[in-house]
1. Where does the protein assembly as shown land at 222 nm, in deg cm²/dmol rounded to the nearest 500, when only DSSP H runs of n ≥ 4 count, each adding -39500 (n - 2.57), divided by all residues?
2. With a 10 Å cut-off between alpha carbons and a GNM built on chain A, which of A:VAL275, A:VAL95, A:VAL283 moves the most?
3. So how strong a dipole does segment B:29-128 carry about its Cα centre when Lys and Arg Cβ are +1 and Asp and Glu Cβ are -1, to the nearest 20 debye?
4. Give me the one-decimal Kirkwood hydrodynamic radius in Å for chain B, with the sum taken over alpha-carbon pairs.
5. Give the angle, between 0 and 90 degrees and rounded to the nearest 10, that separates the Cα long axis of helix B:2-16 from the longest principal axis of the Cα atoms of chain B.
6. So, with a 1.4 angstrom probe, what is the percent of accessible area on the protein assembly as shown that is carbon and sulfur?
7. If you average the sequence gap of Cα pairs under 8 Å that are 6 or more apart and divide by the length of segment A:1-159, what percent do you get for the contact order?
8. Give a residue-ordered list of calculated ³J(HN,Hα) values for segment A:290-296 (Karplus: 6.51 cos²θ - 1.76 cosθ + 1.60, θ = phi - 60°; whole Hz; x for Gly, Pro).
Amino acid sequence: MNELIQQTFTWQNGLIFLGWGIVFLFIVLGFVTYAIYFERKVIGWMQYRHGPTRLGPFGMFQTIADIFKLLIKEDTIPKKADRALFILAPVIAYVPAFAVLATIPYTSTLGFADLNVGLLYYAALSSISTIGIVLAGWASNNKYSLLGGMRSAAQMISYEIPLVLSVVGIIMMNGSLSLRTIVEGQGSNFWEWNLFPQIVGFMVFVIAAVSELNRTPFDLPEAESELVAGYHVEYSGFRFAFFMLAEYVYVFAISALTTVLFLGGWHPPLAALDVIPGLLWFVLKFSFCVFFLFWLRATLPRIRVDQLMSLGWKVLLPIALANIFVTAVCLEIFSK
Amino acid sequence: MKGLIQGLGVTLKALTSKKVTYRYPDVPLTMPDRFRGIQYLDPDKCIVCNQCARICPTDCITLTGKPNPDPEAKGKVVDTFDLNFETCILCDLCTEVCPTEAIVMTNQFELAAYSRDDLFKDRKWLSENTSLIRQDNNGAFMLPKGGGKKDA
Amino acid sequence: MSEDKNQREEKDHKQEQEQGHKLEQKSEPSSTPHEPSHEPLQQEAISSSTQDVHSQAISQEEKVETAALHETANLEQKQTPPKPPANATDTEAAKDKSKNDTKATPTPTGSAKERPAKPPRAAKSAEAVPEEPSPLQPLLDQLLEGIKREVAESAVQSAGINQKNGHLITLVVACEHWLRLAEWLKHDPAWQCNYLRNLSGVDQESYLEVVYHLIGLSTRREVAIHVRADCDSPSIPSVTSLWEAANWNEREVYDLFGIHFSDHPNLTRIMMPDQWVGHPLRKDYEPLDSEV
Amino acid sequence: MIRTEELLLNVGPQHPSTHGVFRIIVKLDGEVITDATPVMGYLHRGTEKLAENLNYTQIIPYTDRMDYVSAMTNNYVLVHAVEKLMDIEVPERAEFLRLIVMELQRVASHLVWWGTYLLDIGAMSPFLYAFRDREIIVDLFNELCGARLTYNYMRVGGVKWDAPSGWIDKVRDFIPHMRKRLDEYDRLVSGNEIFLARIKGVGQYDQETAINYGLSGANLRSTGVDWDLRRAEPYSLYPRFEFDVPLGSKGDCYDRYVIRIQEIKESLRILEQAVAQFPSSGETMGKVPRVIRPPEGEIYARIESPRGEIGCYIISKGKAEPYRLKFRRPSFVNLQILPKLLIGETMTNLITILGGVDIVVGEVDC
C-alpha cells in the first residue's frame, strides 16, 4: 500500500485505493454490527440476564435484524425542522468518524496512509463530528434535542483539549506525530510500552476519550433518563442508524488509538511471544479496550453537566499540562 | 476512585455468575396453585344465587337462571353466564362468595385477545376452560357454604 | 357479606342458608329493624343521586336489598344496641376502652395514645354501661376555655371525643372564627399543632364540611376540626399561610367539592381537567356517562 | 439587541423518569430552572367517589391500585380503619401474617425505588439487580395470595389466605439472602464517587419546611424528625419487635437514600423476629358479622407505608357502604415540596430530586 501511495496518482491506483477503501468499510461495518451485539451481550451478562438469544445461534443475527429494520423504517423529518441541516447532520457526524481510521497502523506492514502528522489528523477530524451533533440538535426543532445538542457541544469542546494534551508526552518521547513511528518507538516487552512512563497521560487520555465518545459516565447529550434521547430524538430510520454507526466507529477509532499510543500496537507483551503475528496482538488489546468501554457503561452512573465541566477544565487540563512538564524534565535529565 | 473500582468488581463478578432470567415463551411458566387466572365455571354446581354478580366490584358478571327442568328438584339452574373480561380485575371475590364453588379461578394467565368481543366469555367458554384449575379454593378462609362439597 | 365464621359446622350452614333465602322474598322494610330511620334516607340519597338510566337504579336497589338479606342472617351477632342517632361530631361510643392515656405528659417512650396491641379484651360486657368520661376530658375542657379566651365566645359550635379514634378531640368550628383558631392552635405553647396531617372535604348533603386533622409533633397532641360551609356559596378561609401542606389539599377539595378557599395562593383545579364542569365528589353530581 | 427568552419545557406526562403519568412544566434559563409547576390528574380514577357505592370488601381491590408498588399497606390501612370503627379483634396469627406481609412489601417497595432511582441517575445495572431480588418477594406473595401486584389479601377481621406449608421457611431463608444482596448493592453503588457527587447536597430542606409541608416517611426523617408511625403511634404488633428508626440530619437526597437503605435492613430485622415468634396454629379470621356494617361515626386510621403516612378517613352512617372515604396519600403530600426545591436547580437535578422524593403517581392521583 505504501509504495502505491508514492507513485503518481493514475486511474488505476485510484481504483485500487477505492477498492481497499470499500473493503475496509465493510470490515468496519462488520465490526460495528458485532460490537453492538457484543455490547448487548456483555451488559446483559453483567445484569444477570442473557442479552439477545433468539435470532440466529446465540442471537448473532440480532443486530443485522436491527439494521435491516432501520433500513426499512420510514425516515420522518419533523415538519418545522430545518430540512437541509437535518439531512446534513448525520453525514457530518459520520464521515469524520470513518475518515479518522485512515492513519491507524494495524501491523508493521498493514495500514493505510502513514501521515507524519497522524495524531494531529486524528484530533482535527474527530472534532468535526461535534458540529454534526450540534447541527442535529438544532435542526430537529425539538427542545430536548436542542438541550442535548448544546450539552454535547460544551462537553466535546471542553474534553478535546485534555485529550490532545495528554498525548503530547508521547509525542515528546518519540519525537514525531506519525502513529507508526510511535508504535515502533515502543519495545516488544510490555514494560517498554508508552503505558508505564506515561501512566498519568494514559489516565487523562482514557477519561477524555470516554467523554469524547459521549459514553456512560459522560453520556449527557443522549441522557435517556433526562433528555429522553438527546440530539437524535427526532431521527428515525437510516438517519438514526448513521448516528449509531458514528458512535460505534468512534469506539473502534478510540480503542485503536489507545492500543497504538499506549499499549504498543502490534508488539507482543513479552519478546518471546514474537512468533504470534502482530495483528493478533493488536486485535487482543483492541478488544480489551472495547470491553472496558462496555464495562463502564454497565456500571457507572452519569455525571452532572457542571461537574463534567469542572472535571474537564479544573482537573484534567492541569494534570495533562503537569504531565507534559514532567515528561519534558525527565527527557532532559535522562537523554543527556 | 475506590468506589468506582468496587462497583466495576461487582459487575465483573456478575458477568460470570448464573443468570436469573427464565426463557418464558419457550419454556412454559408454571404458577403456584393459588394463582388467580381466568375463571372456570362448573354449570351444574351453580344454584343461581347471584352472589358473585353482587360482590363483583366492577359488575362484570351477568347470569340468568331458568327453573329446573326435572320437576321434583327445586331451585334454579344456570342458563346463561356472561363474564365481561374487559372489566374483570381478577380480584377473586366471586369465587370467595360462591357457596357451591361453581366458579373457580384457574392458573391460566395468557389472557390476551385479538378483538374486544373475544373478551366476552360466555358460559360455554368458561365451562371448557378446564386447564390448570385451582385446587386450594379459599381453603383456610371459610368452610364451603351450601351444597358443594369440597371435592378437590 | 363475604366473611363467615369458620367455627360453624356445615349443617348449621345449610339450614341458615335456607333461612336466608326465605327472607329474601319477604318485603324489604320489615327485615331491617336495625336502622329503619336510615334506610329511607339512604334510599332517596341513592335514587336522588343517580336519577339516570333505569339499569343503574336497579343495581342500586339490588345492593340495598342484599345488604338487608345478609343482615338478618346472624341476628345474635348484633353487639351494640341501636346507637343513638348521634351526628358525626360526638360519637360517645357505648364501649369504654381500657387505655393508659397519659396524654398530657408527652413522654417519648409510652407515647400518649399508644394503645397496647390487642390486650386480651374482657369478654364483651353487656351493653349500656354508662359511657365513662374519657381521660382526655380535662384536656378538652382546657382547650375549650383557651379557645373562649383567645378566639371568640361562640367559636366552637360543639366539641367531643372520638373514643374509637384513640380519643381524638373533635371540634366543630364556625368558619368565620376558623382562621383565628388555627393561628392560636399553631402558636399556643401548650398545643403547637405544627403538622397538618389530613384535610378532607365532606358533602353532608345539608351542608359542605372540611375536616382538618392536626397534630403537634413535639406535644403529641392531636385534634380534628370540622369547619362547615353552607351549600350554595361555600367559602372557608384558607390556612395555606399557616401550613404549606394545605395548599394542594385545599385545591383538591375545591376541585372535587367546589368549596372556595378565600385568599388561597392559586385556587385552580388539580385533579380534573381545567374546563371540567361540576364537582365530582358532591352527592348531587350526575356522572358524565350514566352506566359507569 | 440580542433578547434571550426562557425555554418552556414540558417534562411531560410521558417521560422516562417521572415515575408514572405526571408532568412538570418547567421554565428553563439555559439549564437552570426558574419556575416549575407540576400538573397531575392524568391517573385520577375517582376511587373515593366509587367507594361510596361499594361495600367494604369491594373497596379492597381498589386500594391495591392506589399505591401499586406497596399494595399491602393500602389494604391494611382500610381494613385497620374499619376494624377500629367496629372494634373487631384480629386473631394473633392473622395479625402476624399481616405484619410479615407488610414488612416484605416495604422491602419490595424500597427495592423498586432503589432500582429506578439509580436508573434516573444513569446507572443501568442496579435496576436489574433490584428487580431480581424483588422477584423473590413477589413470588412469595404469588404463593400466598395468588397475585403479584394487586393482592386483595386482607379482609376486615383477618386475612383471606393462611400461609401455605413451607411459606414461612421460605421467608426465613429470604432474610440472610437479602442481607448478602444488600452488601452487594453497597459495594456496587453506595461508595461510587460519581453517584455520591450526584446526590450529596441536592434537594435540601430543613426541619421547619419539612413539617410545614406535611411531609412524611423518609422525606421527613431525613431532616432528623423522629416520626415513624410504627414507633410514634404503634399499631398491629409493632410494639413487640425492637427495631430502630433511621434518621438523617441534612435533609438532602443522600440522607433520604441512606435512610431508605437502612429501612430495608430494619424491615429485615423485624421480619426475622416476626418469623421467629410466628404462632404455629390459630385462626386467620376474627369474629366478623356477615355484612360489614360499621356503626355510625368517623375514624382516621393511619399507618407507615414505605412512602410515608398513609391515612384512611372513613365517615360511616351505619350502612354497608362508607358515606365518605378519604385516603391521605403520602406521595400527594410529599410532592408539594417539589416546586419549592426545583427553583434554581438544573434539569439533571430535577430528575434526582423527583426520584429522591419517591412518588408513585397512582397514589398521587388516587
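The values are calculated or read from the model by the stated rules, or taken from the named source; none is laboratory data. Note that this is a predicted model, so its numbers are computed, not measured. Counting neighbours? That spans all protein chains shown, and the Cβs are built from the backbone with ideal geometry, glycine included. Remember, those area values only see protein heavy atoms, side chains included, never the ligands or the DNA or RNA. Shrake-Rupley method; radii C 1.70, N 1.55, O 1.52, S 1.80 Å.
1. -14000 deg cm²/dmol
2. Among A:VAL275, A:VAL95, A:VAL283, the largest GNM mean-square fluctuation belongs to A:VAL275.
3. Numbers: 11 positive and 17 negative charges, 41 e Å.
The dipole of segment B:29-128 has a size of about 200 debye.
4. Values: mean 1/r = 0.0550 Å⁻¹.
Kirkwood radius, chain B: 18.2 Å.
5. The answer is roughly 60 degrees.
6. Working: 28830 of 45410 Å².
That fraction is 64 percent.
7. Values: 134 pairs, mean separation 29.9, N = 159.
The normalised contact order for segment A:1-159 reaches 19 percent.
8. Using θ = phi - 60°, the values come out as 5, 4, 4, 5, 5, 4, 4 Hz.
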